Amino acid sequence: MHRVAVFRPNDERLARACDLLCDLDAVPVADPMLAVEPTGATPREDADYVVLTSKTGAELVAEAGWRPADDATVCAIGERTADALRRAGYRVDLVPEEFSSSGLVAALRDRAAGARVEVARSDHGSPVLTDGLNDAGAYVHETVLYRLVRPPGSGDSAELAAAGDLDAALFTSSLTVAHFLDAAAERGVREAAVAGLNEAVVGAIGEPTRDRAAAAGVEVDVVPETATFAALARAAVERLDGDGNADADADAGGA
């Protein structure tokens, strides 16, 4: 059975990812590369548009009791973010067709001029969102709801890769790539780990993740059309099994 590294935060996301890999007859190697540190900050309440970019952010603003202005347009990037907001009792006015920063910029471009836009997210949010909204004429304010840090003890997967004992690695953000490489360096196996990844199947969600890996010398084999972990896992396992459908996913790009 294939050994597949998964780097999701150590919560229900990691559990679901491991369950999915088991269903795909793969052996999950759970090695969380992200942990959430809330800042305690909340979004401004006087914005015309409020943008939440993650399920984590939605849950944090709900826990803090934050409320948007009555006439504000609440925007969510992705259905998981939107669902978390709705479960917490918030209305969701806009979910872009493309679940990405560029997708939201495209959705707001024609109405952003002169508007006050509050972007509430992690400390590693893409500048594509804020720069795009600024370029569209919005007055953008960003609130950092939480920091994404590397958990202590991470890096078991890097040692497996260095030893040639890892069949695939599934990177869900450019930060998981950076943290994997940092963990490998901390254990003194960065060069060998990169070499090991290049003998394995490497999957990445989205072009920024692919680009971050490529910049470090890691060859990415799979980028699914749909920017979800499930699509990423299935495409990677199909590639390991020699299924030609994975080839199409590999060159399709992603959000």
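Could you compute the net charge surrounding Val105? Neighbours are other residues with a C-beta less than 12 Å from the C-beta of Val105; K and R count +1, D and E count -1. Spelling it out: positives minus negatives among the neighbours equals -2. The Cβ shell under 13 Å around Arg16 holds other residues with a net charge of 0, Lys and Arg each +1, Asp and Glu each -1. Along its principal axes, segment 58-111 has C-alpha extents of 30, 23, 13 angstrom, given from the largest down. Of the GluC sites (Glu not before Pro) found in segment 73-136, those in coil by DSSP whose Cβ has at most 13 other Cβ atoms within 10 Å are Glu97.
Across segment 213-223, computed HN-Hα scalar couplings (Karplus, 6.51 cos²θ - 1.76 cosθ + 1.60, θ = phi - 60°) run 5, 4, 5, 9, x, 9, 7, 9, 9, 9, 10 Hz from first to last residue, x flagging Gly and Pro.
Tally Lys and Arg at +1 and Asp and Glu at -1 over the other residues with C-beta under 9 Å from the C-beta of Ala193: what net charge comes out?
Details: positive: Arg187, Arg190; negative: Glu159, Glu191.
My count for the surroundings of Ala193 gives 0.
For the residues Arg212, Arg121, Arg67, a GNM of the chain with alpha-carbon springs under 10 Å puts the largest fluctuation on Arg67. For Ala26, no residue 5 or more places off, or on another chain, has a built amide H under 5 Å of its own.
Couplings 3J(HN,Hα) of segment 160-174, computed from phi: 5, 4, 4, 8, x, 10, 10, 8, 7, 9, 10, 9, 9, 6, 5 Hz, in residue order, whole Hz [Karplus 6.51 cos²θ - 1.76 cosθ + 1.60, θ = phi - 60°; x for Gly and Pro]. Checking every one of the GluC sites (Glu not before Pro) in segment 150-215 against DSSP loop status and a limit of 14 other Cβ atoms within 10 Å picks out Glu199.
Just so you know, the Cα atoms of the chain work out to an Rg and Dmax of 18.9, 57 Å.
Less than 5 angstrom separates the built amide H of Glu225 from none of the residues sequence-distant by 5 or more or on a different chain. Under the criterion of Cα pairs below 8 Å and six or more residues apart, the relative contact order for segment 172-249 equals 27 percent. Expressed as a whole percent, the proportion of Cα-Cα pairs in segment 1-56 lying more than 12 Å apart is 72%.
Mean separation of Cα pairs under 8 Å and 6 or more residues apart, divided by the residue count, gives segment 75-206 a relative contact order of 18 percent. Backbone phi angles across segment 66-77, fed through the Karplus curve with coefficients 6.51, -1.76 and 1.60 (θ = phi - 60°), yield HN-Hα couplings of 5, 10, x, 4, 4, 9, 6, 9, 8, 10, 10, 8 Hz in residue order; Gly and Pro are listed as x. Around the amide H of Val201, modelled in the peptide plane, lie the amide H atoms of Ala168, Ala169, all under 5 Å away and 5 or more residues distant in sequence or on another chain.
Which percentage, to the nearest 5, of the DSSP beta bridges contained in the chain is antiparallel? The partial results should precede the final answer.
On the way: 4 of 33 bridges.
Taking every DSSP beta bridge with both residues in the chain, the antiparallel ones total about 10 percent.
Only the coordinates and a few stated rules stand behind these numbers; no lab work does. Predicted model only: the values in this text are computed from it and were never measured. Note that each Cβ is placed from the backbone with ideal geometry, even for glycine, and that neighbours are counted across all protein chains shown.
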